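Everything below concerns the one structure shown next.
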Amino acid sequence: MHYGYHIGIDEIGAWLPVILPILILHLILFSVALWDLLKKDQSTDYKWLWGAIIILVNIIGPILYFVLGRRQRTDAPTSSKSTSKNLRRS
């Protein structure tokens, strides 16, 4: 006796217009979040932690990274910005 919901090939075609945009959004968020994490200059401890969150928490992980993880990046001053401000003051 089977108590689950059986999805046949006909039902997948009916659900495809709903599932496809969500899947595309997930892939875009996932790839952009990982790309940004890899190119940002931060300690490897935070990179491993955020990488695990992005990969394991599925669609909410990349959103958490963009809301919370990038905030840590923008709060820390970079050396190139501080030197350009010092040059302008001189």
Residue 28 being out of contact with any Leu (no Cβ under 9 Å at 6 or more places or on another chain), surrounded by 11 or more Cβ atoms within 10 Å (Cβ to Cβ) and of a type in the set (Val, Ile, Thr)
yes
Determine whether segment 2-22 contains at least one residue that is touching a helix residue (DSSP H, G or I) at 6+ places or on another chain (Cβ under 7 Å), part of a helix (DSSP H, G or I) and either surrounded by fewer than 10 Cβ atoms within 10 Å (Cβ to Cβ) or modelled with pLDDT of 90 or more (or both).
no
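The values are calculated or read from the model by the stated rules, or taken from the named source; none is laboratory data. The shown structure was predicted, so the numbers you read here are calculated from the model rather than taken from an experiment. When we count neighbours, we look across all protein chains shown, and the Cβ atoms used for this are built from the backbone with ideal geometry, even at glycine.
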